[in-house]
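Step one of this worksheet: look at the structure below.
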């Protein structure tokens with residue numbers, strides 16, 4: 001209609017949603033890096049690497065135990 005001002009399109013996420021999603025992504029990324037860089041337990045590292053390579057379809061690099 002001519003008398004009504006144009007409304008801005010609504011986005012599915014608010015700023016709070018975006019901040020929480022970014023925080024969750026950062027924490028998950030940090031935990032994955034911490035798990036993979038943990039050198040004290042080779043069995044857990046090898047298991048984590050085999051799961052990562054199974055999920056991504058990328059072979060484990062040479063020299064890494066899987």
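The numbers here are math on the coordinates, done by the rules we state, and not lab data. Small disclaimer: the values here were computed from a predicted structure and weren't measured. Note that we place each Cβ from the backbone using ideal geometry, even for glycine, and neighbour counts take in every protein chain shown.
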Multiply the residue gap between residue 36 and residue 13 by 0.36 nm, knock off their C-alpha separation, and tell me the result in nm, one decimal place.
-> 5.1 nm
Sequence ranges 22-35, 5-18, ranked by mean other-Cβ count within 10 angstrom, highest first | 22-35, 5-18
Full extension from residue 20 to residue 4: what is 0.36 nm times the residue separation minus their Cα-Cα distance, to one decimal in nm?
-> 2.3 nm
